[in-house]
Amino acid sequence: MSPTCPEARPQTPATPTDLPASNAFEYPCQVRYSEVGHRGLMTLPAIINAFQDCSIFQSEMLGLGAAWLKHEARAWVLVHWQIVVDRYPSLCEPIAVGTFATSFRGVQGMRSFYLRDESGRLIVRGNSAWAFMDLDRGRPTRPSADHVEPYGTAEPFELPAESRHIPVPEQLEPGTPLTVGPSLIDTNEHVNNCHYVQMALEQLPLERIPGAVRERGVREVRVDYRRAAVLGDVIVPCVAIEPERVVTSLADENGAPYAVVELR
């Protein structure tokens, strides 16, 4: 039997005074069946995908989308995530997904993301760092005013203090290597950001998940993106399970990380 949702109803669009920041962009939606896990709650990878979609939608609306960046041989590449989940929304629950830029300095841009429920309460908050890349030269470059001014800036969310660099524990348990296939590749021709978190989650047998995390679900995730994995690369997941957190290094066959994921 298929799950049923309450009859879809239109949501009242948010006005600028309702938004967490004056330059915020958001869209309303309902949690889809394809976005929930076995508990009937939106999964962490689905939240990350929603955030990614939201930033893409804003860029397209501002005329700074994928086609324009490709023509310019430029791209924004994610460097770091910190996401705090106060509550996972449930199947068919009306939510709003939003994002806003917070600063642009040198070759980096900073952006906040959020989910809020029907009452307007923020239930997921995230801060992120991005590097602006010259695709022809394969290195970071400073964006022009045309690339950044349309976004505006606002203060980021206040999240728990944390280091941008996640140290990799010395004692790691190697998992089963996987080869990057076409389904993991995005328009930048590398593994999409969300897949690294999905890989980290799949390394956790239920019986070995720390008790606090198992009972309440992951409440904070940090991802340190070191370099991009591309089609045909072999990724070796190596895991350290500690009482309050799980750290997964997603590395190449020589142990050099593509990404490091910390779940709490």
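Rule-based calculations on the coordinates, nothing more; no lab input. Since we're looking at a predicted model, the values are computed, not measured. Neighbour counts are summed over all protein chains in view; Cβ atoms, including those assigned to glycine, are modelled from backbone coordinates with ideal geometry.
Below are the figures for this structure:
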| item | result |
| --- | --- |
| Cut-off under 5 Å, modelled amide H: who pairs with residue 32 long-range | 92 |
| Three-way shape label, the range 120-182, alpha-carbon gyration tensor, a/c 1.5 | oblate |
| Hz values of 3J(HN,Hα) by residue in the range 79-91 - Karplus curve (6.51, -1.76, 1.60), Gly and Pro given as x | 10, 7, 10, 9, 10, 10, 10, 7, 7, 8, x, 9, 3 |
| Cβ charges +1 (Lys, Arg) and -1 (Asp, Glu), total dipole of the chain, debye | 200 |
| Cα-projected label distance for residue 165 with residue 186, points at 7 Å along beta-carbon direction, nm | 2.5 |
| Distant-in-sequence amide H partners of residue 21 (H built 1.01 Å from N, under 5 Å) | none |
| Stretchable slack from residue 244 to residue 179, in nm (0.36 nm times residue separation minus alpha-carbon distance) | 20.4 nm |
| Other-chain or far-sequence residues with amide H under 5 Å of residue 251's (modelled H) | 236, 238, 258 |
| Cα shape, the chain, gyration tensor, a/c 1.5 rule | oblate |
| Whether the range 162-264 is rounded, prolate or oblate, judged on the alpha carbon gyration tensor where a/c under 1.5 counts as rounded | prolate |
